[in-house]
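A.B. asks: Structure below; questions to follow.
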């Protein structure tokens, strides 16, 4: 994950970049990652070890994890900001 200790504006920027990449995969495959993974595992998308699909699967999975990390970072920043205002 890229610099998870960045400031909230930086975190938002990274989150937006990750979300754009995720959307590109959703457009490319016409489904979300959960559906993609299930179909890939059942062999419905052809050879799951074909270079492009394998690379896409690994990158997509990484983006999902990265998105989760950035969302946690932002939630923490918002919570800390809220706590310091009360």
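A.B. asks: Here are several values of Cα Rg over 2.2 N^0.38 Å: [x] 1.35; [y] 1.72; [z] 1.18. Which one was derived from the coordinates shown?
C.D. replies: Structure-derived value, by its label: [x].
A.B. asks: Another one. Helix 8-29 against the longest principal axis of the chain: what's the angle in degrees, Cα atoms only, rounded to the nearest 10?
C.D. replies: Result, in degrees: 20.
A.B. asks: So, one more: From Cα pairs below 8 angstrom and at least 6 apart in sequence, can you work out the relative contact order of region 8-78, rounded to a whole percent? Mind showing how you got there, number by number?
C.D. replies: Values: 35 pairs, mean separation 37.7, N = 71.
About 53 percent, as a whole number.
A.B. asks: Nearest 10 degrees is fine. How inclined is helix 51-85 to the longest principal axis of the chain, computing both from alpha carbons?
C.D. replies: 20
Rule-based calculations on the coordinates, nothing more; no lab input. None of these values were measured; they are calculated from a predicted model.
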